[in-house]
Amino acid sequence: MTIKPLSPQELRVWHAFRLMHEDVLARVGRDIAQATGLSGPEFGVLSRLAALGKGEMRQQTLASMMAWDKSRLSHQLTRMQERGLIERRRTDGKTVLVALTKLGREKLEAARPIHAASVRRNLLSRLTQEQIDTIVRVSNLLGEED
């Protein structure tokens, strides 16, 4: 099967999409790291555990929510466990629960206002309401299953 390469216009759209995403995430992650010592991925794990799992959830569920493969999540959780941010425990032979520690909760609470301010500064304040609405519509469209 021969696949037609992306046209110059299609490449511009693809690169613009990726660069926008990567740039904003990098700036927000840098702000969080400078203020709290948490990396962007650590903040992502901690915030999902707190908001969606009430402080704990199955490791496999967390991997799905993060859209990470098992190996990437496992390595990330090992680093976070070594730093005292989370703990993992087996509930039966196969299920692993990931839970926030007291330190993890404290770091997350310190990072939340930094995250909010950074998202506002690096994304929301740079856009009109119409542009924000468009991003939300496009995101919803792209998130739909085929």
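Considering the range 99-110 alone, what residues qualify as being within 17 Å of Arg48 (Cβ to Cβ) and either of a type in the set (Lys, Arg) or not in a helix (DSSP H, G or I) (or both)?
Ala99, Leu100, Thr101, Arg105, Lys107
Please indicate, with yes or no, whether at least one residue in the range 66-87 is touching a residue at least 40 places away in the same chain (Cβ under 8 Å), farther than 13 Å from Arg112 by Cα and in contact with a strand residue (DSSP E or B) (Cβ under 6 Å, 6 or more places away or on another chain).
The answer is yes; a qualifying residue exists.
Every residue, every condition in (1) farther than 30 Å from Arg105 by Cα; (2) surrounded by 10 or more Cβ atoms within 10 Å (Cβ to Cβ); (3) at pLDDT below 95, yes or no:
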residue: Met1; (1), (2), (3): yes, no, yes
residue: Gln9; (1), (2), (3): yes, no, no
residue: Arg12; (1), (2), (3): yes, yes, no
residue: Glu22; (1), (2), (3): no, yes, no
residue: Arg27; (1), (2), (3): no, yes, no
residue: Arg30; (1), (2), (3): no, yes, no
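So, of the residues in the range 79-98 that are assigned to a strand (DSSP E or B) and among the β-branched types (Val, Ile, Thr), which turns out to be farthest from Lys54 (Cα to Cα)?
Out of the qualifying residues, it is Val96.
For residues that are under 17 Å from the mean Cα position of the chain (by Cα) and without any contact (Cβ under 8 Å) to a residue 40 or more places away in the chain, tally how many sit in the range 116-135.
Number of matching residues: 2.
Does Ala99 count as farther than 22 Å from Gly29 by Cβ and either β-branched (Val, Ile, Thr) or in contact (Cβ under 8 Å) with a residue 12 or more places away in the chain (or both)?
yes
What about His115, is it assigned to a helix (DSSP H, G or I), buried (at least 17 other Cβ atoms within 10 Å of the Cβ) and modelled with pLDDT of 95 or more?
So His115 passes the test.
Which one is farthest from Gly143 (Cα to Cα), of the residues in the range 49-100 that are of a type in the set (Ser, Thr, Tyr) and surrounded by 14 or more Cβ atoms within 10 Å (Cβ to Cβ)?
Across the range 49-100, the extreme among qualifying residues is Ser74.
Taking the condition of being within 24 Å of Met65 (Cα to Cα), of a type in the set (Gly, Ala, Ser) and without any contact (Cβ under 8 Å) to a residue 40 or more places away in the chain, how many residues in the range 1-52 meet it?
Within the range 1-52, residues that are within 24 Å of Met65 (Cα to Cα), of a type in the set (Gly, Ala, Ser) and without any contact (Cβ under 8 Å) to a residue 40 or more places away in the chain number 7.
Just checking, how many residues over the range 118-134 are more than 20 Å from Asp23 (Cα to Cα) and surrounded by 13 or more Cβ atoms within 10 Å (Cβ to Cβ)?
0
I'd like to verify a number: residues in the range 118-137 that are in a helix (DSSP H, G or I) and more than 21 Å from Gly40 (Cβ to Cβ), how many?
8
The values are calculated or read from the model by the stated rules, or taken from the named source; none is laboratory data. Just so we're clear, the structure is a prediction, and the values are computed from it rather than from any experiment. Using ideal geometry, Cβ is built from the backbone for each residue, glycine included, and neighbour counts are taken over all protein chains shown.
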